[in-house]
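The values are calculated or read from the model by the stated rules, or taken from the named source; none is laboratory data. Because the structure is predicted, anything quoted here is derived from the model rather than measured. Cβ sites come from the backbone with ideal geometry, for glycine too, and all protein chains shown count toward neighbours.
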């Protein structure tokens, strides 16, 4: 039994910045993970072909499948075509976990991708919004512990050389600092933070180990607090 | 490996109303579950001894441990003594999941128990606020599927005969309706809904089954959306 | 003296789902009620002509006037043309009460219709947002008691046979459950819930009946609480 | 048929400042109105006896009943005793409309009275929070048109001479300005603004007048927007 | 050392209504101020040429530079072209303070201009959202004292004769009332109110005057509150 | 002309954690700064005398005045006595800037000090809420650039040796990470972040330097965007 995860971002590097650590944690747990980059990444610094190669190297380093939406960079609309594009990815991956931009963001493509994904994923039980450097409002309450995955996230980011070198918004030092900041909020060392759109917690039975806290036999008593 | 759950409520029946289905789901998954009723339930309709027996029957029907805080009903403060009471329950149960009232509620005890539990559980990684009939603001984003546990919840509630018969706030028909309402929001049949104070999603590795969606061998390719 | 009500929805059945009970209550109070379906309902399950006939039967069963906007389903924009369409309906009906989708919704048409109606109704004193099954954020504070109108709402919904049979979002059982859920919040048996955009409460003089609580003569005294 | 209104405030002049115009509108509509001042007004500028006489003159000028709670000024708690005090007033007045302070306020008594009233009025269908000069967060959505009642509100306020003369928070000029400000929001000339805690809109049948907008006979047709 | 301010509005008079007093305060402090009207003001009451002349007179009366964006009135989109237009104004003015519409507004152009400006100003350290008569949600926390600038604001507004005479939304009496209302919130006589998108408070060293509160010499002691 | 700043915290080290960098910036700008520790710091790890000495060393290192409120640690109430204590500090310092805990916090003393300070500072024009490690909700919009003051903040924190060594909540590494995280939000290198309760921006005239952006002479022209 594994989960199937679809992470949606507008541009190359958006997904890695927002939830690269969580994706590494999903892969470590044996979950299938697909990244959908909605545009073709035409407008960032550097040549498009180079950006695509960077994104593929990053997906490879995270051991995730990568799908390109090829919409026009900086001109994404949350219209029926964009929604249909994301719906196809949801069908192909049969995803039961979706990661996507937070809705309030200063980049117009991020806003559009967030809105279109909320539309496309209307039947999915787990939709988590990640933070981008351009996100404007973000009050997270769900966290993934990435203490053992932060290096992997930074490795994936470093694949996006053209962005790291030239965009003020992509700074590995800030990424690590934010992971520490959110880790302190989550009471772990490093964390990624999410705003849940809708999150059905799967309380699957776990195997009972011998050192369980409370024995089954003496469990139904009543106590008064000392 | 099991989770340890502490559910905190001000009065007998608060916990069952708010998260009885989730507690049943935790028990079905093999988790240890303790219910802490912070007061002695002195002020509701019916004699106190009767209410205590009802609460013990309800905990028994949910197969959960019950602890009484014995604070004075209708006079709970979110002060150091109440916080210490809850801290002791947290230590005894080594809980890593806490359920408690939502902070905005028209009952003063509910407000106080919510605030005191947030204080006591400041190092716990999962704190989920449940809704009571008297909750005034509640915008949930985390859900537990209770389709197979609703009957158990209603059974537990029915143990609180003195409340069900005389309190306008305790109505099994409304409990079932709300579970259906929140189920539709969660895209399941019946659900309980929660506002996450802080929720670290544990992405534990699950056993890999033979029919996994994507084979490990052909996973790292790149695709373009059709 | 009657109120004039305009209910605006993107598709056939949206209005019935969101505020069908309130519309029945308005009709029972003698108010004029017009339903404006902004699209032609081209994209849902079933043939368009059938959907239109269903919508007309539903409006008929609620004893309301029905106007079709005939915009393209799934492609509504909150632009000047859509706003003008709604403004015309406001002028024709001289509406002083407007019902419309809540702004945060996973359907793009619902978002657009909500935004366009807020623009068009900028001078109207009562704008109430209703909930759809696809609404994502909804914290209601205004309610209409529909205890005596729920059957009428369900009858109107049942006219939309093609939707009830094939859309996971349209489920009469959930509609009744939500009415009970919101009824409990409103302290009535069944209610529809609304988020007020702007609501001027009309404190019209009511006829004074003989059994008024406090006689006019002894009213101006001062008392101290016992 | 009349409404019964209970307005609750911590100190003399709080109610007049917050909802004096709405109370005048209720009286003009024939509703019974009771003002409950929870403290004895001991701590403001001026002698207590004088303040009490001012409050009684103000209630008289609004033609409302006045009840004194006589709790200690600046030391109100939202505890069971305060809640019981307000419950008694609710029982005596059988109020179905309650006005009270907004919950976020820089005065500790205002916060306590708001919380205690929310508790006491848990079964009341209409609870509206008014704004005080010391309110810190206030996003209103319900309004009462006080264009024909502003003078009455200012007259009532002027009865509180000791406050108007010496408190920086009580300034009739600001009261009129705020009424104009909120009036513009409500699309009327002068308004008082409220945050609804819970508001069940009573759609009582109104008498049908001869010049109704739409005749009953030709009402059930279907139209297409031009 | 001076600040450079860019105020962005959709139509002639939007900027004056929203932050005309603050702009006057900036000019009085020696700051450079530029007004960018994003449309050409084609759709309001009155001829376009007249409206442009009015806007230029108003900018002149405020002693500010005026730039016309010339986009089509009532048809502004928050797309790449609009964002680029605002980016050019930011580059030309090297603005470190930006004023713009609040995001929630019943006018579609206001929403679009707010969103596009948030995108364009993503690297600017101070972005303040002002209120328009059509703003729907607005909870301000930053204020500018305009007690000595209100007349200037009203003078600038009065230049927009065609609007003042014919638009229900432009009413100098309401403007003054709102300034008094927000002034009371800000603890000054008249204020304009803003929602900060992002506000870096510049704690520049001020010249030390002889009557400073605390002498440098005796500053490092410790005291216990009496 | 200088500002007078009062920073209020419940315990030793709260103020340094929350706004130590901003206080250093105020001192660098020549402002008077007073720190009010409301309790005596009795309950933390380490002897009380030692904690007091640490707090005094920290205040000394920040070059700020320190006042002790001496209320009982873990038992602070937002009552009239606490409010009066803070009012005395406000009077003594004639503060026009107040820093204090954010209202939503898992420590009961932090909640009480925040509420009492909001009451005491009801006439102050600038009240900024800082974040503590125990803060539960915090959506900042006002920032102070502390790039040149972070070392000073960390030095002050390091004076609180007993806390740094034994409290999981006080971790200089997290403090630096959060400053980087908020710095990225503020578009500076390191920042402290604040939620403004009320912030009147003082647009004092700055001296006009020769290299001002726009000459006074050619300022009143009109331009059309290229």
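Within the range D:58-74, if we keep just the residues that are in a loop (DSSP other than H, G, I, E, B) and within 17 Å of residue D:86 (Cβ to Cβ), the residue that is farthest from the chain's Cα centre (by Cα) turns out to be D:72.
Out of all the residues in the range D:131-140, is one or more crowded, with 20+ Cβ neighbours inside 10 Å, in contact with a helix residue (DSSP H, G or I) (Cβ under 6 Å, 6 or more places away or on another chain), over 30 Å from residue C:186 (Cβ atoms) and in contact (Cβ under 8 Å) with a residue 24 or more places away in the chain? Taking every residue of the range D:131-140 in turn, none turns out to be crowded, with 20+ Cβ neighbours inside 10 Å, in contact with a helix residue (DSSP H, G or I) (Cβ under 6 Å, 6 or more places away or on another chain), over 30 Å from residue C:186 (Cβ atoms) and in contact (Cβ under 8 Å) with a residue 24 or more places away in the chain. Scanning the range F:1-32 for residues that are within 9 Å of another protein chain (Cβ to nearest Cβ) and in contact with a strand residue (DSSP E or B) (Cβ under 9 Å, 6 or more places away or on another chain) yields a total of 8.
In this structure, does residue F:52 turn out to be touching a strand residue (DSSP E or B) at 6+ places or on another chain (Cβ under 8 Å) and under 25 Å from residue F:178 (Cβ atoms)? For residue F:52, the condition - touching a strand residue (DSSP E or B) at 6+ places or on another chain (Cβ under 8 Å) and under 25 Å from residue F:178 (Cβ atoms) - is not met. Looking at residue C:177, is it over 25 Å from residue D:183 (Cα atoms), modelled with pLDDT of 95 or more and either in a loop (DSSP other than H, G, I, E, B) or in contact with a strand residue (DSSP E or B) (Cβ under 9 Å, 6 or more places away or on another chain) (or both)? Judged against the criteria, residue C:177 is not a match.
Among the residues of the range C:44-57, what is the count of those that are outside any loop (DSSP other than H, G, I, E, B), under 21 Å from residue C:110 (Cα atoms) and more than 10 Å from chain D (Cβ to nearest Cβ)? Give the steps one after another, and end with the answer.
Residues of the range C:44-57 outside any loop (DSSP other than H, G, I, E, B): C:48-57.
Retained after the next criterion (residues that are under 21 Å from residue C:110 (Cα atoms)): C:48, C:51-52, C:54-56.
Still in the list and also more than 10 Å from chain D (Cβ to nearest Cβ): C:48, C:51, C:54.
Total meeting the criteria: 3.
When residue A:201 is tested against (1) modelled with pLDDT under 95; (2) closer than 24 Å to residue B:30 by Cβ, only condition (1) is not met. Would you mind stating whether residue C:41 is modelled with pLDDT under 95, more than 9 Å from chain D (Cβ to nearest Cβ) and in a helix (DSSP H, G or I)? Judged against the criteria, residue C:41 is not a match. Whether a residue is farther than 25 Å from residue D:188 by Cβ, in contact (Cβ under 8 Å) with a residue 40 or more places away in the chain, in contact with a strand residue (DSSP E or B) (Cβ under 9 Å, 6 or more places away or on another chain) and not in a strand (DSSP E or B) was assessed, and residue E:148 does not pass this test. Number of residues in the range D:179-205 that are within 11 Å of chain E (Cβ to nearest Cβ), touching a helix residue (DSSP H, G or I) at 6+ places or on another chain (Cβ under 7 Å), closer than 18 Å to residue D:136 by Cα and touching a residue at least 24 places away in the same chain (Cβ under 8 Å): the value is 2. What residue, among those in the range E:58-72 that are within 25 Å of residue E:106 (Cα to Cα) and more than 9 Å from every other protein chain (Cβ to nearest Cβ), is surrounded by the fewest Cβ atoms within 10 Å (Cβ to Cβ)? My answer is E:72. All conditions but one from (1) over 28 Å from residue C:126 (Cα atoms); (2) more than 12 Å from chain B (Cβ to nearest Cβ); (3) at pLDDT 90 or above apply to residue C:220; the one that does not is (3). For the range E:157-167, the count of residues that are assigned to a helix (DSSP H, G or I), in contact with a helix residue (DSSP H, G or I) (Cβ under 8 Å, 6 or more places away or on another chain), more than 8 Å from every other protein chain (Cβ to nearest Cβ) and buried (at least 21 other Cβ atoms within 10 Å of the Cβ) is at least one.
Taking the options C:109, C:104, name whichever one is in contact with a strand residue (DSSP E or B) (Cβ under 9 Å, 6 or more places away or on another chain), surrounded by fewer than 20 Cβ atoms within 10 Å (Cβ to Cβ) and within 26 Å of residue A:120 (Cα to Cα). Break it down stepwise before answering.
Details: C:109 fails: surrounded by fewer than 20 Cβ atoms within 10 Å (Cβ to Cβ).
It is C:104.
If you check D:26, D:11, which single one turns out to be part of a loop (DSSP other than H, G, I, E, B) and at pLDDT 95 or above? Show your work before the answer.
Working: D:26 fails: part of a loop (DSSP other than H, G, I, E, B).
When all the criteria are applied, what remains is D:11.
Name every residue in the range F:73-99 that is closer than 16 Å to residue D:105 by Cβ and away from chain B (no Cβ under 13 Å), in order of residue number.
Start the filter on the range F:73-99 by keeping residues that are closer than 16 Å to residue D:105 by Cβ, which leaves F:78-80, F:83.
Once the filter is applied, which keeps residues that are closer than 16 Å to residue D:105 by Cβ and away from chain B (no Cβ under 13 Å), the range F:73-99 yields F:80, F:83.
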